[in-house]
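Okay, structure first, notes after.
Throughout, read-outs are computed from the coordinates displayed, never taken from laboratory work. Treat the numbers as computed from the prediction; the structure is a model and nothing was measured. Glycine gets a Cβ as well: all are built from the backbone with ideal geometry, and neighbour counts include every protein chain shown.
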Amino acid sequence: MQNVIETQGLCKTYGNHFAVQQLDLAVPEGCVYGFIGPNGAGKSTTMKMLLGLIAPSAGKVLLLGKEMNPRNRLALLRQTGSLIESPSGYGHLTGQENLEIVAGLKGVDHREIDRVLEVVHLTDARHRKLRQYSLGMRQRLGIAQALLGSPKLLILDEPTNGLDPAGIQEMRSLIGEMPARCGTTVLISSHLLGEMEQLVQQVGILNQGKLLFQGPLAQLQQHSRGDVLLRLLYPQRGLQWMADNGIRCRRENDTLVLPPMEEDALAQLVQALAARGAGVVGVATRTRSLEEIFLRLTEGKEVA
Amino acid sequence: MAVCLWAELKKAHRRHDLPVVLGIGVLALCWANTMKLSDPASLAYGYSMVLYGLSIVNAVVMPLSMAVLGSRLWDVEVRGSACKLLYTLQSRGSLFGAKVALGFAEVLVAPLMELAGTLAFGRIYRFTEPLSPAALGWFFFCTLAVNALLFFFELMLSLFFENQVPALGCGVLFSMTGLFAMFMPPAFTRLLPWAYYAVTLSVGMVYDESTRISTFYPIPYPVWALAVVVALCGLVLMAGWRLVRRKEV
Amino acid sequence: MLRCCIAAENRKLRRALIWAVFLLLPLLAGVYGTVNYLQNLEILTPGWYNLWTQHTLFYSLFFFAPMTALYTAYLWRLEHLGHNWNLIMTVPVPRFDLYLGKFLVAWKMVLLTQLWVFALFVLFGKLWVGLPGWPPAEILFWAVRGTLGGAAVIALHLVISMLIRSFAAPILLALAGGVLGAYFANENLGLFWPYALMMSGMNSNRAEDLLDGRMGPFLLACLVWTLLAFAAGWLLLNRRDVRSE
């Protein structure tokens, strides 16, 4: 599988401040890649470097197998659609006119405009001035601009900002379909991992300019196997046995909380406890939500 | 009110208002300096000549400059789409009041510089004309009043249209017609408030075609003209205040 | 590509009202010039040449530059507002074409304005003043030649307004430039100051052709100033990171 986006040792410094540090992104073709990190992690800065809006302090960017440089810039941009930071547009012009400008500059047939307006559900509002649009409508128009010309690569910076729940759902399904329907690869950023869960196949987690994790979502989900909860009739006996066998655990009322473990080991442990007369009445594993994993990662803790 | 003014000053931070404000005065003075002030024939009329010259310079420079100041003052809110926020934080009156106060302080700078400049010219070129503090003071107040009138008007345009083209376009048009008015019959000039730099002038000039020498003479202070400007100032401020109060965001 | 850029710029200028300034300014200058001409008939030598001077002297000296600066400032303001730098820098169009597009749109406006100035001149001359015959063709040539000086001002202000995000400040700079231009022109150094080129090209302060025999240096000066400004703009566009707000 070819990587549609690849960065090698990408850095951006502002004075002494590292906005992005030694970033090696790899976005495989035909996937939706969730680029996730808290506010100010360097997501927008990275995306701007991908698009050649700002120059990297070090490292390089490869899009669609070609280096992003002044020579390849236009050829690459022609196959890319993007929405960075906030949606762009000219307030004194209508939605339709704004799209005409972008279509003209992209060299795209103007009939495309009807299609993208349909896709983002702005057909009815096309003749209203952008100034009168709500934040969500502007966001849709921004996405429509990005979709013009059916690009091979879509770079979307927090595209669900300002959308209502229905709009978010709609946007997710729209973006989710892109790889299968048009063969598009999508890089989408967000500060919420949970929001991306049903949408992305690959994730990259960024914090303070550093990539903390990159890989398939499934790999990250493996980390989600959480603590084991044992509810006992006689917790004191159980606790005693644990201490004797050197197993770390914590007592919460009538429940013992154990660190994650393999299932075989768990079965043996339950058997032994029962034999000791601890009265095992419940076994449960607490699954950690992606949000928790994300928080642990960005707070610099290890993902156990 | 003090807090609002403080907020205005904070917004002016890194907006580089000071260079702009000083630039206006410097431009006017440099231009006035191109008159033949050191000419022995003109020393006897030195101060009158500077005041007369400055009134023409002001007619060209000030309307556009005031448009620039007014537009910059309001444009920070437009750019930041800050009105929504500000109207929930402070009363509209205090926002408008703070803008007017800071704006007036900025407007004050150029006439002050002209005042100082006139005195400096007198020293440098050794004018022999006795200095009339009253005439100088009159000139200062009239310039300030017309400047303030134009500033408030342009501020109002800026806040009414948000698109800053009308305000600046008006500035250019006022500057041009203000200059034209200098060469038109006085009856016509009096119709243009932005031409009152000339109407309020307490100095008259006769140009002798044969000797090519200009002589200057004092004329009684046209108090009515200053009154007109001040009254218009009040009207424009009231209109601006109504606009701010009614404006929906 | 370039054609796309020009079309895009023209679209952006819809509903901008800015043409009103370009319509009004020459009109007022024309009315004033004609009135002044009629008032001063005893001092002036009557004729088309002197009417031309009256029409265009102050216009080209002080107000052409701010008017043009207003236009270029508006062209950039559209991009400075609303995160539009991100948009224009990610469309697959060479940056230079974008820049040139803005220049050509502004230059076209100046050309139209100059023709408007000339049309008003002829109209007022014939119908209001009642001058005999038709104006000399060379005056039309001067009007068009003024646009070359105008090109230098446009190019310069495209850089200034791209750099200074304030809308209003560059317009004040243009006025200062014009005032200085009067000084330079007076000292016969007009070719060394871009804001004075327009007036020289328009030949608006004297009846005889100021540039008679000096067309070469004039053209060279216009070209050099325009190219210098373009080079600066080109460097800035390519060397600087895009800031969208």
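Observations
- Mean-square fluctuations from a GNM of chain B, with a 10 angstrom spring cutoff on Cα atoms, peak among B:Val76, B:Val57, B:Val236 at B:Val76.
- Scaling the Cα radius of gyration of the protein assembly as shown by the globular reference 2.2 N^0.38 Å produces a ratio of 1.24.
- Helix-derived mean residue ellipticity, 222 nm - over chain A, DSSP H n ≥ 4, -39500 (n - 2.57), to 500: -10500 deg cm²/dmol
- Across q = 0.10 Å⁻¹, the range B:2-246 modelled as identical point scatterers on its alpha-carbon atoms has Debye log10 I(q)/I(0) values of -0.50, in the order of the q list.
- Those GluC sites (Glu not before Pro) in the range B:125-227 that DSSP places in a loop and that have at most 14 other beta carbons within 10 Å: B:Glu209
- Size descriptors for the range A:222-298 (Cα atoms only): Rg and Dmax, in that order, 13.2, 42 Å.
- Using the rule -39500 (n - 2.57) for each DSSP H run of four or more residues, divided by the residues of chain B, the 222 nm mean residue ellipticity is -25000 deg cm²/dmol.
- The charge dipole of the range A:3-221, taken about the Cα centre with unit charges on the Cβ atoms of Lys, Arg (+1) and Asp, Glu (-1), comes to about 580 debye, rounded to the nearest 20.
- Among B:Leu64, B:Leu95, B:Leu150, the largest mean-square fluctuation in a Gaussian network model of chain B (Cα springs under 10 Å) belongs to B:Leu95.
- Within chain C, helix-based [θ] at 222 nm, where runs of 4 or more DSSP H residues each add -39,500 (n - 2.57), nearest 500: -24000 deg cm²/dmol
- Normalised by 2.2 N^0.38 Å, where N counts its residues, the alpha-carbon radius of gyration of the range C:2-239 equals 1.05.
- The magnitude of the dipole of the protein assembly as shown, with charges of +1 and -1 set on the Cβ of Lys/Arg and Asp/Glu and taken from the Cα centre, is near 480 debye.
- Comparing C:Leu173, C:Leu44, C:Leu104 in a Gaussian network model of chain C, where Cα atoms under 10 Å apart are tied by springs, the biggest mean-square fluctuation is seen for C:Leu44.
- Surrounding net charge for A:Val61, when Lys and Arg each add one and Asp and Glu each subtract one, Cβ distance under 13 Å: +2
- Taking GluC sites (Glu not before Pro) across the range A:185-268, the ones in a DSSP loop with at most 10 further Cβ atoms lying within 10 angstrom of their Cβ are A:Glu262.
- Net charge of the neighbourhood of A:Leu256, taken over other residues with C-beta under 13 Å away and scored Lys/Arg +1, Asp/Glu -1, is +4.
- Spread of Cα-to-Cα distances over 5 Å intervals beginning at zero, given as percent, for the range A:3-221: 1, 7, 15, 19, 20, 16, 12, 6, 2, 0
- Overall form of the range C:72-162 per C-alpha gyration tensor (a/c, 1.5; a/b vs b/c): prolate
- Within straight-line reach of C:Lys12, meaning a Cα separation under 12 Å, sit the following aspartates and glutamates at least 8 residues removed in sequence or on another chain: A:Glu97, A:Glu100, C:Glu79.
- Coil-residue trypsin sites (Lys or Arg not before Pro) of the range B:90-150, DSSP, other Cβ within 10 Å capped at 15: B:Arg126
- Spatially close Lys pairs in the range B:3-154, defined by Cα atoms under 29 Å apart and a spacing of eight or more places or different chains, total 5.
- Signed unit charges on C-beta, dipole axis of chain A, positive-most listed residue A:Trp241, A:Thr185, A:Ala103: A:Ala103
- Charged-residue dipole, Cβ positions (Lys, Arg, Asp, Glu), chain C about Cα centre, Debye nearest 20: 900
- Cut-off 13 Å between beta-carbons: net charge of the residues surrounding A:Val280, Lys and Arg +1, Asp and Glu -1: +2
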